[in-house]
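Here the structure is laid out as structure tokens; the discussion comes afterwards.
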Ligand code: NDP
């Protein structure tokens with residue numbers, strides 16, 4: 001058990017579904033107080049109820065991570081509810097598939113705002129709390145798509161995920177003065193509702209092509225985020241870790 005997590009105040013953006021729900025669940029199991037920040041209410045409330053039923057502590061704040069006012073209000077609400085902000089898991093993201101030839105500038109901007117600008121906004125809004133505490137942790141959810149691989153229809157997505165890693169390097173240098181680390185998890189193919197749309201046959205083929213012979217579980221990402229957020233990872237900053245079952249290893 002990573003003893004340093006119990007009682008900590010944790011924001012998980014996009015914590016209502018998929019990977020974010022996995023992160024929220026893993027942190028709650030360790031005794032953290034988890035604020036789930038997402039736009040929609042129903043899924044977030046269901047996740048809060050699931051965590052509470054398992055004996056954990058969670059709450060929900062409606063937030064659009066691409067909007068500065070909304071992010072500031074969400075971070076302030078977390079501090080008010082939980083007495084501060086110790087850990088930020090900036091995870092919310094969208095991945096609409098559209099080929100470059102059909103992509104309009106608004107679609108590009110929407111993905112870059114939700115996936116990349118949001119990292120900046122969420123980190124910026126948390127800085128006063130990290131500064132006051134003299135410590136903090138940030139974990140970004142990036143991807144292998146962009147920094148490592150490409151995928152047709154995801155040029156904007158890949159740019160946003162690579163951009164997060166560029167942001168990470170300088171942010172790590174600047175956050176160090178507040179005793180705060182920032183690192184990124186780069187998931188491979190993780191089994192979420194969104195992926196289920198690809199169909200069972202496609203997913204079986206995909207799993208067979210991965211050295212560890214399965215798709216990732218959302219908790220696999222939660223566990224990596226948990227490590228980065230722990231005291232035990234206190235000397236690691238500005239780094240990224242691929243969690244993909246060996247998918248990107250060369251043959
Ligand atoms: P899901 O679609 O399952 O969940 C996305 C979450 O983000 C939801 O909670 C959604 O809630 C929230 N969200 C989306 N837009 C916003 C917004 N503007 N403001 C606040 N919350 C928002 O996605 P995944 O779990 O699959 O992906 C999560 C992250 O993991 C993303 O950053 C994605 O790029 C990354 N990733 C996923 C992989 C995978 O295999 N699934 C692989 C690699 C990376 P709501 O819509 O209610 O706002």
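Report relative contact order for the range 36-129 in percent, whole number only (criteria: Cα-Cα under 8 Å, sequence separation at least 6).
Worked out over the range 36-129, it gives 29 percent.
In Å, what Rg and Dmax follow from the Cα atoms of the range 189-249?
Rg then Dmax for the range 189-249, in Å: 14.0, 43.
With label points built 7 Å along Cα→Cβ from the Cα atoms of residue 198 and residue 232, find their separation and express it in nm.
3.1 nm
Once both axes come from the Cα atoms, what is the angle between helix 118-133 and the longest principal axis of the chain, in degrees from 0 to 90, rounded to 10?
20 degrees
Once each part is reduced to its C-alpha centroid, what is the distance from the range 53-115 to the range 118-197 in angstrom?
Here the answer is 12 Å between Cα centres.
Okay, helix-only estimate at 222 nm for the chain: each DSSP H run of n ≥ 4 adds -39500 (n - 2.57), divide by all residues, round to 500 deg cm²/dmol; what do you get?
Calculated from helices alone, the mean residue ellipticity at 222 nm is -13500 deg cm²/dmol.
Tell me, what is the percent relative contact order of the chain, built from C-alpha pairs under 8 Å that lie six or more residues apart?
Relative contact order comes out at 21 percent.
Compute the angle between helix 42-53 and the longest alpha-carbon principal axis of the chain, please, reported from 0 to 90 degrees and rounded to the nearest 10.
Roughly 60 degrees between the two axes.
Suppose each label sits 7 Å from its Cα in the direction of the beta carbon; what would the residue 212-residue 151 distance come out to in nanometres?
Distance between the two pseudo-spin positions: 1.7 nm.
If packing is taken as the average number of other Cβ atoms within 10 Å across a peptide's residues, how do 218-225, 102-109, 233-240, 204-211 rank, most packed first?
Ranked by mean Cβ neighbours within 10 Å, highest first: 218-225, 233-240, 204-211, 102-109.
What distance in nm lies between label points placed 7 Å from Cα along the C-beta direction at residue 135 and residue 223?
So the label points at residue 135 and residue 223 sit 2.5 nm apart.
Put one equal scatterer on each alpha carbon of the chain, apply the Debye formula with no solvent term, and list log10 I(q)/I(0) at q = 0.07, 0.08, 0.17 1/Å to two decimals.
Taken in order of the listed q values, log10 I(q)/I(0) reads -0.21, -0.28, -1.34.
Given 0.36 nm per residue, what is the gain on full extension from residue 103 to residue 124 after removing their alpha carbon distance, in nm?
Separation in residues times 0.36 nm, less the Cα-Cα distance, equals 4.6 nm.
Computed from the coordinates by the stated procedures, all read-outs in this text should not be read as laboratory data. Computed from a predicted structure; not experimentally measured. No Cβ is skipped: glycine too gets one built from the backbone with ideal geometry, and neighbour counts run over all protein chains shown.
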